[in-house]
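So the structure is just underneath, and the comments pick up after that.
The values are calculated or read from the model by the stated rules, or taken from the named source; none is laboratory data. Keep in mind that this is a model prediction, so the values were computed, not measured. Glycine gets a Cβ as well: all are built from the backbone with ideal geometry, and neighbour counts include every protein chain shown.
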Amino acid sequence: MATNRRMTSKDYALWIVTILAFFFFFLWVGDFGNLSYLTQSPITTYVETLWSVTYIAAGGVFAVFMGSIVFLSVKFRAPSEVQTIRRKVNVINYYYMALILDLLFAIIVTYEMFMMSTYQFITATLASADLLLFASIIYLVYKLYYQE
């Protein structure tokens, strides 16, 4: 929705759709005004009929009020005049920190791989983790050497 000050026919259609959506949501939440938990007697049937009419009327009021507030606040919101200034992040520091952590984890994984060599599955899993860490180290060294 654009923020121009005139409403087009598309805006009126969206406004009506918003109101109908709130109306059906209100009815759905309240089980469409059904009071199935009351005992059945002639008086409770009369009360249930009055309740259903009141509930549907209240749903209409709720839908018009909330649908209009939501639609009009989105349609006519104030344009953002605040300019945000982004700081330039020094990515090189993050690369160095990641490189140190990768080297530390590669040493730990390699040490564990040679100490726990009784099970082939664990050795293969640790070797795969080691290869992933070495690939990460190669990528980080490349990014540190070829800075864009």
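Descriptive notes on the structure:
- For residue 35, the conditions (1) aliphatic (A, V, I, L, M); (2) at pLDDT below 90; (3) assigned to a helix (DSSP H, G or I); (4) within 28 Å of residue 66 (Cα to Cα) all hold with the exception of (3).
- Only one of the listed residues (92, 56) is modelled with pLDDT under 85, part of a helix (DSSP H, G or I) and of a type in the set (Val, Ile, Thr). That residue is 92.
- Looking at 53, 89, 82, just one residue is within 30 Å of residue 144 (Cβ to Cβ) and loosely packed, with under 15 Cβ neighbours inside 10 Å, and that residue is 89.
- Matching option when the condition is touching a Leu at 6+ places or on another chain (Cβ under 7 Å) and touching a residue at least 12 places away in the same chain (Cβ under 8 Å), among 62, 71, 22: 71
- Tallying residues that are surrounded by 11 or more Cβ atoms within 10 Å (Cβ to Cβ) and not in a helix (DSSP H, G or I) within the stretch 99-148 yields 2.
- For the stretch 69-89, taking the residues that are β-branched (Val, Ile, Thr) and assigned to a helix (DSSP H, G or I), the one that is farthest from residue 136 (Cα to Cα) is identified as 69.
- Candidate set from the stretch 63-80 (those that are farther than 12 Å from residue 18 by Cα and among the hydrophobic types (A, V, I, L, M, F, W, C)); member that is modelled with the highest pLDDT: 76
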